[in-house]
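Worksheet for the structure shown next.
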Amino acid sequence: MELKHLQYFTEVVKHGSFSKAAEYLYISQPNISNVIKNLEEELDVKLLIRTTRKLELTDTGKLLFQYGQQVSQTLQQFYQELDDTKNSRKGYVKIGIFPMLGTEFFTKMISEFHKQYPEISVRFVEDGASNLKKALIQGELDLVVMPYPIDEELFDFFPFLKGDLRILVHQRHPLANNESVKWSELLDENFIIFREGFTIHDTIMEECGRLGFEPNIICETSQWNFMIEMVSINQGITILPQSKFNEIDHNNLKLKILPLVEPEKNWNLGIAWRKECYLSFATRTWIQFLKGTLER
């Protein structure tokens with residue numbers, strides 16, 4: 001079995017399609033189909049069950065996919081270490097962040113970091129918590145901003161941000177006159193929230209369920225700014241995290257930001273990486289820089 005063929009099989013599984021995998025790998029679909037067929041013949045097993053709708057893995061296919069991912073991560077680690085050896089102070093770090101943070105949050109940090117390490121670039125990937133966690137486990141990201149609690153058996157991490165959840169309403173909304181808002185007061189409100197896959201989405205659904213009602217969701221999105229704009233034209237309410245590092249400019253947008261109580265929900269984040277995995281020079285440097293910046 002060639003490593004290249006193992007990679008082809010892994011990409012077919014990850015993309016769930018021969019055509020998408022072929023497009024990703026820049027090879028023809030018949031070529032990748034023949035590779036999978038030859039693998040099955042070589043191993044004398046069935047790896048994939050092909051249906052009209054999707055591809056399904058056999059037990060042997062699942063086993064090969066598992067080892068294929070491990071081989072891919074090992075090779076990636078080798079090339080990282082090789083690159084570090086050849087170019088001691090060059091490289092890049094890929095960090096997963098939530099859209100609610102945005103790259104604007106890191107603007108000052110990046111500027112200062114680049115002055116000290118001009119040959120290291122920082123690449124941001126924005127997504128929800130569950131997708132970022134999966135990408136980190138699969139070795140697609142070096143670091144991830146992750147909500148607490150963080151699994152200490154899988155990840156090393158350090159504290160990053162602390163805050164709480166706030167409700168955003170239009171200045172003319174009846175709740176705008178309150179000092180704070182109880183979760184139970186949101187029964188008849190129109191919700192504009194982060195889509196499924198974001199930790200805040202799960203928190204909202206769980207808390208409303210605990211109180212015995214299902215939120216009336218009129219819009220789900222991954223775009224922080226869009227949610228704020230919807231509230232600014234009085235289309236509903238939204239719930240967002242706030243800390244001293246990501247305060248929302250509510251005056252210009254005719255918004256009122258109020259504490260959510262009974263219960264109050266804290267928002268704690270850490271920066272995490274895979275336990276016992278190799279960290280490139282760029283990643284180690286970025287971690288030390290962030291720790292130093294946050295301690296000031």
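The values are calculated or read from the model by the stated rules, or taken from the named source; none is laboratory data. None of the values given here were measured: they were computed from a predicted structure. Quick reminder, even Gly has a Cβ in these numbers, built from the backbone with ideal geometry, and neighbours come from all protein chains shown. Side chains are part of the model used for accessible areas, which takes the heavy atoms of the whole protein and leaves out ligands, DNA and RNA. Shrake-Rupley method; radii C 1.70, N 1.55, O 1.52, S 1.80 Å.
Taking the longest Cα principal axis of the chain as reference, the axis of helix 281-294 is set at about 10 degrees.
Straight-line reach from K90: which lysines fall under 25 Å, measuring Cα to Cα and dropping same-chain residues less than 8 apart? Here the lysines satisfying the reach criterion relative to K90 are K108, K115, K275, K291. Counting Lys and Arg as +1 and Asp and Glu as -1 over every other residue whose Cβ lies under 14 Å from the Cβ of L43, the net charge comes to -3. Of all lysines in the structure, those lying under 28 Å Cα to Cα from K54, and not within fewer than 8 positions of it along the same chain, are K4, K14, K20, K37, K46, K62, K133, K134.
How high is the relative contact order of the chain, in percent, with contacts defined as C-alpha pairs under 8 Å that are six or more residues apart? Relative contact order comes out at 22 percent. By its C-alpha gyration tensor, with a ≥ b ≥ c as the square roots of the eigenvalues, how is the chain shaped: rounded for a/c under 1.5, else prolate for a/b larger than b/c, else oblate? Here the chain falls in the oblate category. Mean-square fluctuations from a GNM of the chain, with a 10 angstrom spring cutoff on Cα atoms, peak among T51, T203, T60 at T51.
Rolling a 1.4 Å probe over the heavy atoms of the protein chains gives the chain an accessible area of 56 Å² per residue.
With the convex hull drawn over the C-alpha atoms of the range 1-147, the volume per residue is 143 Å³. Cross-link reach is defined here as a Cα-Cα straight distance under 20 Å, omitting same-chain residues fewer than 8 places apart; for K265 the lysines meeting it are K162, K182, K244, K256. Principal-axis analysis of the Cα atoms of the chain puts helix 107-116 at an angle of about 50° to the longest axis. Nonpolar atom fraction for the chain, defined as the carbon and sulfur part of the 1.4 Å probe accessible area, stands at 46 percent.
For the chain, the longest principal axis of the C-alpha atoms and the axis of helix 3-15 are separated by about 30°. Each part gets one Cα centre, and for the range 27-77 versus the range 171-245 those centres are 43 Å apart.
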